[in-house]
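Below is one structure, written out as structure tokens, with a few remarks after it.
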Amino acid sequence: MSGPLGRFRDLPEGPEMILLPAGDFAMGSAPGEPGRCPDPQEGPRRAMRILRPFAIAAEPVTRGLFARFAADSGLLHRGVVRRHADGGGRPDPDRGFEDPGFPQAEDHPAVGLSWHDAVAIADWMARRTGRPYRLPSEAEWEYAARAGTRTAFWWGETIGPGQANADFREGYAGRPPAGVFRGGTCPVRQFAPNPWGLWQSSGNVWEWCADGFSEALDRLPGDGAAAPARGTALRVLRGGSFLNGPWNLRNACRLGDPAGFRHVSFGVRLACDVEVGPRTGFGDR
């Protein structure tokens with residue numbers, strides 16, 4: 001499998017985009033992978049084919065970029081849930097991305113984003129650049145996050161606090177708890193990028209994908225396209241966050257939540273369609 005075809009940045013304040021080739025990969029988790037969800041949610045593993053080159057952001061949308069979008073679009077961003085969805089959290093009408101309840105700088109990921117917010121900033125980027133920005137499908141997301149690997153995380157089968165931002169008060173795969181919990185986000189380019197140049201595809205924030213959530217992996221399109229909503233209000237998130245135990249940061253982990261849900265651990269990584277052509281070698285519009 002070849003690596004990235006190139007990189008570009010459409011706006012000085014926008015994300016660096018990594019152009020990835022079409023290709024095949026095995027989606028899902030191996031039967032013995034610690035922390036995996038039972039079949040059919042993460043398996044059996046299935047062969048997936050990404051039919052066309054596409055670009056994906058090297059990092060999630062930052063707080064700085066989202067602030068520009070919110071100011072330009074007049075978005076009133078309030079009603080962020082600060083606790084886990086399964087912990088009885090309720091939207092706080094006084095909380096938005098500007099004040100999520102922990103310190104952030106402009107190079108931290110924007111948090112508290114709903115799926116609708118994620119789609120809106122993709123549309124805003126498209127209008128500003130003339131390039132078709134969008135959310136990645138979850139097949140595209142996992143293809144990019146794995147970067148040619150088949151292990152639980154792109155770097156291997158275990159995880160520690162020097163590799164990602166998560167709740168390491170829990171152990172994983174026989175590794176004892178490290179006792180590290182940062183309690184909030186960190187800069188989007190902290191830790192090492194994966195072999196294809198993606199930063200923090202594991203941890204820091206969950207990332208919205210375009211798909212409607214399906215409990216069964218084998219119901220997803222086999223060509224890398226996003227799964228339709230099919231009447232469900234749930235949309236897909238990938239990658240895990242600073243609030244989650246290590247098992248949620250696995251490449252194959254899948255989460256579904258309502259499209260309008262603004263949780264303090266939810267962000268987005270943008271994608272866009274590209275045409276590889278003779279004018280520039282890549283990224284022709």
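The values are calculated or read from the model by the stated rules, or taken from the named source; none is laboratory data. Just so it is clear, the structure is predicted and the values come from calculations on it, not from any experiment. We place every Cβ from the backbone using ideal geometry, glycine too, and count neighbours over all the protein chains shown.
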Considering only residues that are at pLDDT 95 or above, within 16 Å of Phe242 (Cβ to Cβ) and in a loop (DSSP other than H, G, I, E, B), which ones fall in the stretch 153-176?
Ile159, Gly160, Pro161, Gly162, Gln163, Ala164, Asn165, Ala166, Arg169
Of (1) under 18 Å from Arg45 (Cβ atoms); (2) among the aromatic types (Phe, Trp, Tyr); (3) in contact with a strand residue (DSSP E or B) (Cβ under 7 Å, 6 or more places away or on another chain), Trp154 fails just (3)
Of the numbered conditions (1) surrounded by 18 or more Cβ atoms within 10 Å (Cβ to Cβ); (2) of a type in the set (D, E, K, R); (3) in contact with a Gly (Cβ under 7 Å, 6 or more places away or on another chain), Asp211 satisfies every one except a single condition; which is it?
(3)
What do you reckon, is Trp199 in contact (Cβ under 8 Å) with a residue 40 or more places away in the chain and closer than 27 Å to Ile18 by Cα?
yes
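Go through the stretch 1-48 and report how many residues are within 14 Å of Ala144 (Cβ to Cβ) and in a strand (DSSP E or B). Let's see the steps before the verdict.
Here is the first cut: in the stretch 1-48, the residues within 14 Å of Ala144 (Cβ to Cβ) are 1-5, 7, 15-25, 27, 48.
This time we only want the ones that are in a strand (DSSP E or B), so: 7, 17-20, 23-25, 27, 48.
Matching residues across the stretch 1-48 total 10.
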Within the stretch 218-242, tally of residues that are in a loop (DSSP other than H, G, I, E, B) and touching a Gly at 6+ places or on another chain (Cβ under 9 Å)
12
Scanning the stretch 1-31 residue by residue, the ones that are closer than 12 Å to Leu198 by Cβ and touching a strand residue (DSSP E or B) at 6+ places or on another chain (Cβ under 7 Å) total 7
When Ser29 is evaluated against the numbered criteria (1) within 21 Å of Arg9 (Cα to Cα); (2) in contact with an Asp or Glu (Cβ under 6 Å, 6 or more places away or on another chain), which criterion, by number, is the only one it fails?
(1)
Hey, Phe153 hits all of (1) in contact with a Ser or Thr (Cβ under 6 Å, 6 or more places away or on another chain); (2) closer than 20 Å to Gly64 by Cβ but one; which does it fall short on?
(2)
Just checking, does the stretch 191-208 include any residue being at pLDDT below 95 and either assigned to a strand (DSSP E or B) or more than 20 Å from Pro4 (Cα to Cα) (or both)?
no
